[in-house]
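Worksheet for the structure shown next.
The values are calculated or read from the model by the stated rules, or taken from the named source; none is laboratory data. Worth saying up front: this structure is predicted, and the values here are computed from it rather than measured. Heads up, the Cβs are rebuilt from the backbone with ideal geometry, glycines too, and the neighbour counts pull from every protein chain shown.
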Amino acid sequence: MRTTVTFVRRFSAVLLIPCLFWLSLSASAQKSRTGASAPSSQPANSLEQLSTSLQSVARQVEPAVVQIFNSAYAVEADNGQYGGTVVAQERSSGSGILITSDGFIVTNSHVVQGARHLWVRLNRQVSTASSHLQDAKLVGMDRQTDLAVIKIEASGVPFLKFADSSSLNQGQIVLAFGSPLGLENSVSMGVVSAVDRQLDADSPLVFIQTDAAINPGNSGGPLVNTAGEVIGVNTFIFTKSGGNEGVGFAIPSNLVNSICHQIRVEHHVHHHQVGISVRAITPALAQGLNLPMEDGVIIEDVAPQSPAEQGGLKIGDIIVSVHGQHIMNVRQLALNLYAYAVGDLAEIEVLRGGQKLTFNMPVLERADGPQRFEDLVGAEDSPLPRLGVLGLNVDEKIAALMPPPRIAGGVLVAAKVAGTRPRLGDDLAAGDIVHSVNGAEIKDAASLRARLESLGNDSPLVIQVERAGILHLVILESD
């Protein structure tokens, strides 16, 4: 297959050269017939018109594309005694899109994840900024959709508008902007390979697939249409070599617009749920369970005391419709649930034992897991070397992401820190809340740091922590 492809490419190149040569001769002959003054009045051919149009789009888009630099805590696997995850400091870069004239920027969450310090480099054509390298702050991020919003202090900067990604067509010409491999202010051209690519049948996320060249560093940059409007945010590629192989993916602009609005207005993204886990029905699943259909969505778990359990849904129910709209896959189910506001009653029709049943249950907001607390670490937060962790004050923002605590205040363990020498004994885990050390109450990170400094290095540490609503004593000893 590789030999055949190589031959076709070579044959195409051999065929193209004489064709171009013949076109050149024809153009020269035409010029000689029409005289020297003819070219100024002759209309441009279609290729020249396309080239001119693409140059115009590039000039329109480039000033609103930024390069983002991130000094971050990166989460990595801990191969030490206790396992789990740790954080280590690293630097990285990516791209972003100015979406308002006062400096709001959208990018991928993985570009700014774990940020302790963010910088934004504006395009050289931006003349309204005091400096082309600006400090930025994280406004909010959402790991599930891989989107984040950051902000620079600016006014009157150029920005891009979102197009309606539902109007995309396969084969439509698109341009990808960003800083691939750190090369700022780059653009590549391609087409929409697929408008609604679902990479995992059990995931609600869909992507725009494109063959426009996307490489590391393009993440967070815009995928635009020929009108210069954002139709997607470049996010990742499929590759065997590590570089572009013509299979890139972007988050559709309609989803980006919705997530940006939620982050900017509420500093939080709503993920709705009723307490069920679902799975896409495949032919194998249908055959193994003797289901009456080979596609759709089946409930594989119902959370105890959830709206779904209280409303009457059961494991094995096949979801037929939500609010009267037919459900064919997991994506449609998620989109239909997002149409409800928190507290609204969702009308869910299921197929159970050949009988269609309809249930109504309130829609709730899914709580964030402890693994996301490291996203809240800011530049002002520093490690606690003696404990080997990053600690955050349990303020109103963090408390809102957790079940009601047993004891007010305390310090949340956001993550363990890489490179610290573990002490003997028990282990602190992400999500733990430290309430006391050797009997002294801990109200915040400052009191925790002061308490640790007051104790000798050889003194054992008896730490009262709250873990999943249960109080524990964690004992650490020096070696």
*Meets criteria (touching a Ser or Thr at 6+ places or on another chain (Cβ under 9 Å) and either assigned to a strand (DSSP E or B) or surrounded by 15 or more Cβ atoms within 10 Å (Cβ to Cβ) (or both)) for Ile251*: yes
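Within the stretch 159-179, how many residues turn out to be part of a loop (DSSP other than H, G, I, E, B), of a type in the set (Gly, Ala, Ser) and exposed (fewer than 14 other Cβ atoms within 10 Å of the Cβ)?
1
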*When only residues in the stretch 89-136 that are under 18 Å from Ala64 (Cα atoms) and among the charged types (D, E, K, R) count, which is surrounded by the most Cβ atoms within 10 Å (Cβ to Cβ)?*
Arg121
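Before we move on, is Gly182 more than 30 Å from Arg279 (Cα to Cα), surrounded by fewer than 19 Cβ atoms within 10 Å (Cβ to Cβ) and in the same structural domain as Gln125 (by TED's automatic domain parsing)?
Details: more than 30 Å from Arg279 (Cα to Cα): yes; surrounded by fewer than 19 Cβ atoms within 10 Å (Cβ to Cβ): yes; in the same structural domain as Gln125 (by TED's automatic domain parsing): yes.
When the stated conditions are applied, Gly182 passes them.
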*Within the stretch 389-411, work out how many residues are surrounded by fewer than 21 Cβ atoms within 10 Å (Cβ to Cβ), over 26 Å from the mean Cα position of the chain (by Cα) and of a type in the set (Gly, Ala, Ser).*
2
*Restricted to the stretch 126-158, and to residues that are within 22 Å of Ser258 (Cβ to Cβ) and either over 24 Å from the mean Cα position of the chain (by Cα) or assigned to a loop (DSSP other than H, G, I, E, B) (or both), which residue is modelled with the highest pLDDT?*
Asp146
*When you look at Arg386, is it closer than 26 Å to Gly456 by Cβ, in contact with a strand residue (DSSP E or B) (Cβ under 9 Å, 6 or more places away or on another chain) and either modelled with pLDDT under 80 or part of a loop (DSSP other than H, G, I, E, B) (or both), yes or no?*
yes
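I'd like the full set of residues that are charged (D, E, K, R) and either over 19 Å from Pro307 (Cβ atoms) or touching a helix residue (DSSP H, G or I) at 6+ places or on another chain (Cβ under 7 Å) (or both), limited to the stretch 318-360. Steps first, please.
Step one: of the stretch 318-360, the residues charged (D, E, K, R) are 331, 344, 347, 349, 352, 356.
Passing the criteria: Arg331, Lys356.
Search the stretch 351-383 for residues being among the acidic types (Asp, Glu) and exposed (fewer than 15 other Cβ atoms within 10 Å of the Cβ), and hand back the single one that is modelled with the lowest pLDDT. Lay out the reasoning, then the answer.
So in the stretch 351-383, the residues among the acidic types (Asp, Glu) come out as 365, 368, 374-375, 380-381.
Still in the running and exposed (fewer than 15 other Cβ atoms within 10 Å of the Cβ): 365, 380.
Values: Glu365: 72, Glu380: 58.
Restricting to residues being among the acidic types (Asp, Glu) and exposed (fewer than 15 other Cβ atoms within 10 Å of the Cβ), the top hit is Glu380.
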_Residue in the stretch 317-334 that is at positive phi and more than 29 Å from the chain's Cα centre (by Cα) present_ = yes
*asked:* Condition first: touching a Gly at 6+ places or on another chain (Cβ under 9 Å) and surrounded by fewer than 18 Cβ atoms within 10 Å (Cβ to Cβ). Now tell me which residues in the stretch 186-205 satisfy that.
replied: Val191
*Could you list, in sequence order, the residues of the stretch 137-158 that are touching a residue at least 60 places away in the same chain (Cβ under 8 Å) and surrounded by fewer than 18 Cβ atoms within 10 Å (Cβ to Cβ)?*
Val139, Arg143, Gln144
*asked:* If I filter the stretch 194-217 for residues that are at pLDDT 85 or above, of a type in the set (Asp, Glu) and in contact with a strand residue (DSSP E or B) (Cβ under 8 Å, 6 or more places away or on another chain), do I get at least one hit?
replied: yes
